[in-house]
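The block underneath contains the structure these notes are about, expressed in structure tokens.
The values are calculated or read from the model by the stated rules, or taken from the named source; none is laboratory data. Computed from a prediction, not measured in an experiment: that's the story for all the values here. Cβ: placed from backbone, ideal geometry, glycine included. Neighbour counts: every protein chain shown. Protein only, heavy atoms only, side chains kept; ligands, DNA and RNA dropped before computing areas. Shrake-Rupley method; radii C 1.70, N 1.55, O 1.52, S 1.80 Å.
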Amino acid sequence: MKLTILGCYAATPRTITNPTSQVLEIKNQMFLIDCGEGTQVQLRKHKIKFSRINHIFISHLHGDHFYGLIGLISTFMLLNRENDLHVYGPKGIKELILMQLKASGSYTGYNLYFHELHSNESEIIFEDEKVIVKTIPLQHRVYTNGYLFKEKNTQRKLNIEAVERHKIDSCYFQKIKSGGDITLEDGSIIKNNELTFDPDKEKSYAFCSDTVYNESILPIINEVDALYHESTFLESEAHLAEKTMHTTAKQAAKIAKEANVKNLIMGHYSTRYGNINLFKEEAQTIFNNVILADDGKEIEL
């Protein structure tokens with residue numbers, strides 16, 4: 001599982017920073033999370049293939065989180081994209097995008113599907129044989145969701161020594177990894193737990209976009225391998241966090257500690273601060289395993 005931070009600063013783009021956008025690579029799939037202005041330029045800069053992005057998750061309809069979406073959708077069209085594209089986001093996102101396409105006389109040559117969200121409860125919005133994605137309801141000035149991505153490790157791991165000892169042909173390996181027992185030529189049955197080990201623990205990643213301090217998310221993000229949590233302000237500007245419905249570095253660290261996550265990734269910094277290391281210093285007074293997001297940073301989970 002690899003996370004590439006395309007942008008992680010609040011509000012307006014600058015020549016040296018970009019608004020929120022990131023790519024999560026999990027089980028050989030790429031998911032784009034938020035799509036602030038300049039996202040497609042960042043994708044090109046970091047050599048991420050557009051064709052591998054089939055699912056885009058938008059947290060909320062503030063410009064620094066989705067103003068790059070119409071541009072990316074249009075570029076997909078210019079590149080003669082054929083793959084279906086699925087967009088997940090708040091109710092209203094379909095109308096916004098289709099209005100822009102209609103006004104410009106542009107229509108995609110690929111299937112464009114919108115999955116509009118409105119529930120205030122966590123729900124599964126995507127699932128295949130490898131990955132499951134759930135919403136994380138957040139509290140901001142407009143309807144907002146974070147997203148929980150979790151691997152599905154359904155296949156068991158072969159015990160090669162046991163398989164060779166019983167002289168089991170490789171044509172049965174898939175059946176064994178899927179949990180099946182094996183019947184030998186003499187009629188004896190070898191139970192699956194003799195031939196396999198438990199699968200690796202599923203890795204998980206939680207993305208928590210703009211939100212106030214919100215303990216109701218703790219059960220959803222409990223013990224994730226990595227939590228990205230907005231930390232727009234330092235504690236000295238806690239009054240601004242409350243006013244704008246954002247979070248401070250200390251509050252993000254408290255969420256990480258209470259949820260017993262393995263790593264806290266901080267981002268969405270206000271550009272009023274000249275040194276983002278201040279966020280890490282403040283957070284580590286509460287939670288040790290802190291990673292500072294920054295544009296272009298790759299994080300292996």
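Some notes on this structure:
- Counting the residues of segment 130-155 that are touching a Ser or Thr at 6+ places or on another chain (Cβ under 7 Å) and open to solvent by 60 Å² or more (accessible area, probe 1.4 Å) gives 4.
- Unique residue being farther than 30 Å from LEU32 by Cβ, in a loop (DSSP other than H, G, I, E, B) and touching a residue at least 12 places away in the same chain (Cβ under 8 Å) when the list is GLY187, GLY180: GLY180
- The condition of being assigned to a loop (DSSP other than H, G, I, E, B) and within 27 Å of PHE233 (Cα to Cα) holds for only one of THR17, THR4, that being THR17.
- Among residues of segment 139-174, those that are over 30 Å from LYS91 (Cβ atoms) and of a type in the set (Phe, Trp, Tyr), counted: 2
- Residue match in segment 49-70 (condition: small (Gly, Ala, Ser) and touching a strand residue (DSSP E or B) at 6+ places or on another chain (Cβ under 6 Å)): yes
- Members of segment 268-280 found to be crowded, with 18+ Cβ neighbours inside 10 Å and assigned to a loop (DSSP other than H, G, I, E, B), listed by number: HIS268, SER270, ILE276
- Extreme residue, most open to solvent (accessible area, probe 1.4 Å), among residues of segment 281-297 that are touching a residue at least 24 places away in the same chain (Cβ under 8 Å) and more than 21 Å from the chain's Cα centre (by Cα): THR285
- Residue match in segment 194-213 (condition: assigned to a helix (DSSP H, G or I), charged (D, E, K, R), free of Cβ contacts under 8 Å to residues at least 40 places away in the same chain and open to solvent by 30 Å² or more (accessible area, probe 1.4 Å)): yes
- Residues that are closer than 21 Å to TYR205 by Cα and open to solvent by 50 Å² or more (accessible area, probe 1.4 Å) are absent from segment 80-96.
- Among (1) in contact (Cβ under 8 Å) with a residue 60 or more places away in the chain; (2) of a type in the set (A, V, I, L, M, F, W, C); (3) buried (at least 16 other Cβ atoms within 10 Å of the Cβ) - the single one LEU158 does not satisfy: (1)
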